[in-house]
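Working notes, beginning with the structure itself.
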Amino acid sequence: MCGIIGFTGQKAALPVLLEGLATLEYRGYDSAGVALWADGIQTVKAEGRLSRLVEKLKERSSLSLATCGIGHTRWATHGAPADRNAHPHATERLALVHNGIIENYAEIGAFLIERGYTFASETDTETAALLIDWFYGEYGDPQQAIFSALSMLRGSYAFGVIFREYPERIYAVRKDSPLIVAATAEGGILASDVPAVLAHSKEYYRPEEEILSVLEPGRVRFYTRDGAEIDQKTERVDWDVTQAQKGGWPHFMLKEIHEEPEALRRTVGHYLKDGLPYFGVPALDSPFPVRFHAVHIVACGTAMHAGLIGRHVIEKWARLPVSVEVASEFRYRDPILCKNDLVILLSQSGETADTLAALRHAKAKGIYTLAIVNVVGSSVAREADSVLYTPAGPEIAVASTKAYSVQCAVLYLLALRLALLRGQIGEEEGKQLCTDLYTTVPEAVREVLSESDRIRDCARELITAEHLFYIGRDVDHALCTEGSLKLKEISYIHSEAYAAGELKHGTISLIEEGTPVIALMTASHVAEKTLTGIREVRSRGAQVILITTEAIAQGLEIPCDKQILLPEIAEKFAPFPAVCVLQLLAYHVAALKGADVDKPRNLAKSVTVE
Ligand code: F6R
């Protein structure tokens, strides 16, 4: 999704803006632009990758001296990716960058047309720029102009605005979109995300909604709508800039998959006390099992797939009913929520608009909400009744990997806690499971990583495929949904995940000579059933890649073309190494195809629009 950046200080702003935009590239974009104060406001924009903007900037050497400016990477929503639609949007008096969506842009457009404005783009954002311009013309004061415009705008935004008459100042404000602001001796900086400010400061502000930040060289001030200056809390990041860099790996995705063992150990260790799960959250203490009668897990994409693993383990261990739902559907369906239910929101970024909306829906109904989030201080984390952070460190690749694994780990711990409190599991067994989760699981994932070359050999078989299927049953089917998503989003090969028993009800008609089928068998109680599915597709010509454990493979004659054996580990923990195999398989297919693995087309890392 769009990324915004801004800098005002004692040194050249352009390198700071370009470096910041490069750091925000991972969010996904299709055009970029900057506006700098250099004897008035100068704007340069380019469709495509950042390198095209850099090329264009070579012809504008005067901009290299500017010390104040804003920049943007745009992920098209209203209007095609094109120079005219790229941000910043500028008038004679100001320039503006925006992350979010102005929902009532048509209404605002009509208001502006009546006042003689015309539009240079098809974007919703331009209406916001022109509206602020109109009020600025009326009042002559940036602060009043911005707040007046905000009172008319509906939707989500993080804005950065510069005014021709205030050469050293940047104004910034947010609602339902992320915004980070920091002040250092060198200057004031704003960005959509922490990695973009990290090179300048480890300490930053996440301004509250509709609080105006005014950045000047060396300081930042915050104002409410009625003009009162207020303080905002600072936050500090505990990772450094190198963690948000590739560090010699060909892609962030591969680096992040390799970080899984450590991320798992860190996450599990964080939530253990005296060998058992402990969350340090009042609502998760003793009344918890009595209070919650059902669990609803709500999330999007990969996070929702982690929720499927959560359902499996919470139902199995704690015997509590769990539903898992896509966040974009949740609130519109008007779900039946009872006062003793628990709604769990899973999100890596904590800024996903649909997940945030689902959270607000549940809260409005008076249901207790628990967020499991990776980004500290993000909107979902702040608004939920309680939050459990997943200390996975920054995840930069668009395709989520380590965040999924640690979400699963937290859900395992939660399931265990519920099971203990509901008397489904005894303390000794609980301690053993926690020890396994802390030691054996990261080791098993590490073993998979050491088999990366063999997994790449299997991947070679898939690079010419146009369609393929993932099949499995029970928890294996849940894992297949994630394996399939990973493959299609980065390699652009169409794939489907099917419950192995469901194939014969329609999909099997698509199987023909050579169709690749990835069969996952880690759950012994359904292994024979999955085997039937494998036989069905194989006898119709499918080329089967089997992912299983030695214990299952030994007990059954499983026909396949290639086989990947998972490390020896208790069956209940097999999802961790299994998903690592699926992630590596998808990664290698995409990398072998020469795809842009970290920034797949059309995708954004943090989906801040509905
Ligand atoms: C896929 C992927 C997405 C995200 C989804 C939710 O690899 O990363 O499907 O999982 O957009 O994002 P978060 O977890 O930030 O809410």
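Checking A371 against (1) assigned to a strand (DSSP E or B); (2) surrounded by fewer than 24 Cβ atoms within 10 Å (Cβ to Cβ): exactly one of these is not met. Which one?
(2)
Residue-by-condition table, conditions (1) surrounded by 21 or more Cβ atoms within 10 Å (Cβ to Cβ); (2) without any contact (Cβ under 8 Å) to a residue 12 or more places away in the chain; (3) within 23 Å of C458 (Cβ to Cβ):
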| site | (1), (2), (3) |
| --- | --- |
| L487 | yes, no, yes |
| S491 | yes, no, yes |
| S495 | yes, no, yes |
| G501 | no, no, no |
| K504 | no, no, no |
| G514 | no, no, yes |
| I534 | yes, no, yes |
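For E536, are the conditions met, namely being touching a helix residue (DSSP H, G or I) at 6+ places or on another chain (Cβ under 8 Å) and either of a type in the set (D, E) or not assigned by TED's automatic domain parsing to the domain that holds A578 (or both)? Show your work before the answer.
Values: touching a helix residue (DSSP H, G or I) at 6+ places or on another chain (Cβ under 8 Å): yes; either of a type in the set (D, E) or not assigned by TED's automatic domain parsing to the domain that holds A578 (or both): yes.
It is true that E536 is touching a helix residue (DSSP H, G or I) at 6+ places or on another chain (Cβ under 8 Å) and either of a type in the set (D, E) or not assigned by TED's automatic domain parsing to the domain that holds A578 (or both).
Anything in region 314-343 that is without any contact (Cβ under 8 Å) to a residue 60 or more places away in the chain and within 16 Å of the ligand (Cβ to nearest atom)? List them, or say none.
Of the residues in region 314-343, the ones without any contact (Cβ under 8 Å) to a residue 60 or more places away in the chain are 315, 321-327, 329-343.
Selection gives V324, E325, V326, A327, E329, F330, R331, V343.
Would you please list the contacts, defined by Cβ atoms under 7 Å and residues six or more apart or on different chains, that run from a residue in region 147-168 that is in contact (Cβ under 8 Å) with a residue 60 or more places away in the chain to a residue that is part of a helix (DSSP H, G or I) and not aliphatic (A, V, I, L, M)?
Listed by first residue and then by second, the contacts come to F163/P142.
Which of (1) part of a helix (DSSP H, G or I); (2) farther than 9 Å from H72 by Cα does L21 not meet, given it meets every other one?
Going through (1) part of a helix (DSSP H, G or I); (2) farther than 9 Å from H72 by Cα one by one, L21 breaks only (2).
In region 194-209, how many are among the aliphatic types (A, V, I, L, M), under 20 Å from the mean Cα position of the chain (by Cα) and not in a helix (DSSP H, G or I)? Don't jump to the end; show me each part of the working.
Let us first name the residues in region 194-209 that are among the aliphatic types (A, V, I, L, M), namely 194, 196-199.
Applying the additional criterion that residues be under 20 Å from the mean Cα position of the chain (by Cα) yields 194, 196-198.
Restricting the remaining residues to those that are not in a helix (DSSP H, G or I) gives 197-198.
Looking only at that region, the number is 2.
Taking the stated definitions as given, is V181 of a type in the set (V, I, T) and touching a Leu at 6+ places or on another chain (Cβ under 6 Å)? Give the steps one after another, and end with the answer.
Working: of a type in the set (V, I, T): yes; touching a Leu at 6+ places or on another chain (Cβ under 6 Å): yes.
It is true that V181 is of a type in the set (V, I, T) and touching a Leu at 6+ places or on another chain (Cβ under 6 Å).
Please go through region 114-126 and give me each residue that is under 14 Å from R84 (Cα atoms) and surrounded by 10 or more Cβ atoms within 10 Å (Cβ to Cβ), ordered by number. Give the derivation first.
Initially, region 114-126 is screened for residues under 14 Å from R84 (Cα atoms), giving 118-126.
F119, A120, S121, E122, T123, D124, T125, E126, listed by residue number.
Of the residues that sit in region 580-610 and are among the β-branched types (V, I, T) and within 12 Å of the ligand (Cβ to nearest atom), which one is nearest to H525 (Cα to Cα)?
So in region 580-610, the residues among the β-branched types (V, I, T) come out as 581, 589, 597, 607-609.
Now restrict to residues that are within 12 Å of the ligand (Cβ to nearest atom): 597, 607-609.
Details: V597: 36, V607: 38, T608: 41, V609: 42 Å.
Top of the filtered list is V597.
Being under 26 Å from D193 (Cβ atoms), within 14 Å of the chain's Cα centre (by Cα) and assigned by TED's automatic domain parsing to the domain that holds V268 narrows it down to one residue among A384, A306; which is it?
Numbers: A384 fails: within 14 Å of the chain's Cα centre (by Cα).
The unique qualifying residue is A306.
Checking the condition hydrophobic (A, V, I, L, M, F, W, C) and free of Cβ contacts under 8 Å to residues at least 60 places away in the same chain, which residue from L603, L546 passes?
Working: L603 fails: free of Cβ contacts under 8 Å to residues at least 60 places away in the same chain.
Within the list L603, L546, the selection yields L546.
Are any residues in region 257-274 more than 21 Å from G377 (Cβ to Cβ) and not small (G, A, S), and if so, which ones?
So the first thing to find is which residues in region 257-274 are more than 21 Å from G377 (Cβ to Cβ), and the list is 257-262, 264-265, 268-269, 272-274.
Matches in region 257-274: I257, H258, E259, E260, P261, E262, L264, R265, V268, L272, K273, D274.
Can you tell me which residue among K339, K316 is over 30 Å from C2 (Cβ atoms), basic (K, R) and at pLDDT 95 or above?
Numbers: K339 fails: at pLDDT 95 or above.
Exactly one of K339, K316 is over 30 Å from C2 (Cβ atoms), basic (K, R) and at pLDDT 95 or above, namely K316.
Working only within region 1-39, note down all residues that are closer than 12 Å to G69 by Cα and within 18 Å of the chain's Cα centre (by Cα).
Result: I4, single match.
For region 426-437, name all the residues that are surrounded by fewer than 19 Cβ atoms within 10 Å (Cβ to Cβ) and either touching a residue at least 12 places away in the same chain (Cβ under 8 Å) or assigned to a helix (DSSP H, G or I) (or both).
Initial filter on region 426-437 (surrounded by fewer than 19 Cβ atoms within 10 Å (Cβ to Cβ)): 426-429, 431-432, 435-436.
Of everything in region 426-437, those that are surrounded by fewer than 19 Cβ atoms within 10 Å (Cβ to Cβ) and either touching a residue at least 12 places away in the same chain (Cβ under 8 Å) or assigned to a helix (DSSP H, G or I) (or both) turn out to be E427, E428, E429, K431, Q432, T435, D436.
Does I146 qualify as being over 22 Å from D226 (Cβ atoms) and among the hydrophobic types (A, V, I, L, M, F, W, C)? Steps first, answer last, please.
Details: over 22 Å from D226 (Cβ atoms): no; among the hydrophobic types (A, V, I, L, M, F, W, C): yes.
In short, no.
Please specify each residue of region 170-193 satisfying the condition of being polar (S, T, N, Q) and in a strand (DSSP E or B). Explain how you work it out, then say what you get.
At the first step, the residues of region 170-193 found to be polar (S, T, N, Q) are 177, 184, 192.
Passing the criteria: only T184.
Based on this model, can you work out whether F119 counts as within 22 Å of W75 (Cα to Cα), of a type outside the set (D, E) and over 31 Å from the mean Cα position of the chain (by Cα)? Before you say what the answer is, go through the steps one by one.
Working: within 22 Å of W75 (Cα to Cα): yes; of a type outside the set (D, E): yes; over 31 Å from the mean Cα position of the chain (by Cα): yes.
Yes.
Scanning region 481-511 for residues that are among the β-branched types (V, I, T) and within 16 Å of the ligand (Cβ to nearest atom), which turns out farthest from the chain's Cα centre (by Cα)? Don't jump to the end; show me each part of the working.
Let us first name the residues in region 481-511 that are among the β-branched types (V, I, T), namely 481, 490, 493, 507-508, 511.
Next cut, within 16 Å of the ligand (Cβ to nearest atom) only: 481, 490, 493.
Values: T481: 17, I490: 15, I493: 22 Å.
Result: I493.
Six or more apart or on different chains, Cβ atoms under 6 Å: show the pairs whose first residue is in region 218-239 and closer than 15 Å to P142 by Cβ and whose second is assigned to a loop (DSSP other than H, G, I, E, B).
Taking only residues 6 or more apart or on different chains, the pairs are F222/I211; F222/Q232.
Determine which single condition E55 fails, assuming it passes every other condition in (1) in contact (Cβ under 8 Å) with a residue 12 or more places away in the chain; (2) within 31 Å of the chain's Cα centre (by Cα).
(1)
For region 463-484, check the following and say yes or no: at least one residue is assigned by TED's automatic domain parsing to the domain that holds L556, among the polar types (S, T, N, Q) and not in a loop (DSSP other than H, G, I, E, B).
In the first step, residues of region 463-484 are kept if they are assigned by TED's automatic domain parsing to the domain that holds L556; the result is 463-484.
Now narrow it down to the ones that are among the polar types (S, T, N, Q): 464, 481, 484.
So of that shortlist, the ones also not in a loop (DSSP other than H, G, I, E, B) come out as 481, 484.
So far as region 463-484 goes, yes, one or more of its residues are assigned by TED's automatic domain parsing to the domain that holds L556, among the polar types (S, T, N, Q) and not in a loop (DSSP other than H, G, I, E, B).
Table: residues versus (1) out of contact with any Ser or Thr (no Cβ under 9 Å at 6 or more places or on another chain); (2) closer than 30 Å to P277 by Cβ.
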| site | (1), (2) |
| --- | --- |
| P442 | yes, yes |
| V448 | yes, yes |
| L468 | no, no |
| D476 | no, yes |
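Which one is farthest from S491 (Cα to Cα), of the residues in region 380-425 that are within 12 Å of the ligand (Cβ to nearest atom) and in contact with a strand residue (DSSP E or B) (Cβ under 7 Å, 6 or more places away or on another chain)?
This residue is A381.
Return the only residue of T481, T440, T390, T401 being of a type in the set (S, T, N, Q), farther than 22 Å from I344 by Cα and in contact with a helix residue (DSSP H, G or I) (Cβ under 7 Å, 6 or more places away or on another chain). Before the answer, list the steps.
Values: T481 fails: farther than 22 Å from I344 by Cα; T390 fails: farther than 22 Å from I344 by Cα; T401 fails: farther than 22 Å from I344 by Cα.
Criteria check complete, one pass: T440.
Just the residues that are small (G, A, S) and either farther than 17 Å from S606 by Cβ or more than 16 Å from the ligand (Cβ to nearest atom) (or both), please, taken from region 292-305. First the steps, then the outcome.
Step one: list which residues in region 292-305 are small (G, A, S), which gives 294, 299, 301, 303.
Matches in region 292-305: A294 only.
Please pick out the residue among L359, L346, L370 that is under 13 Å from the mean Cα position of the chain (by Cα), within 16 Å of the ligand (Cβ to nearest atom) and hydrophobic (A, V, I, L, M, F, W, C). Reasoning before the result, please.
Working: L359 fails: under 13 Å from the mean Cα position of the chain (by Cα); L370 fails: under 13 Å from the mean Cα position of the chain (by Cα).
After ruling out the rest, the residue left standing is L346.
The values are calculated or read from the model by the stated rules, or taken from the named source; none is laboratory data. The model shown is predicted, which means the values in this text are computed figures rather than measured ones. Don't worry about glycine lacking a Cβ; one is built from the backbone with ideal geometry, like all the others, and counts go over all protein chains shown.
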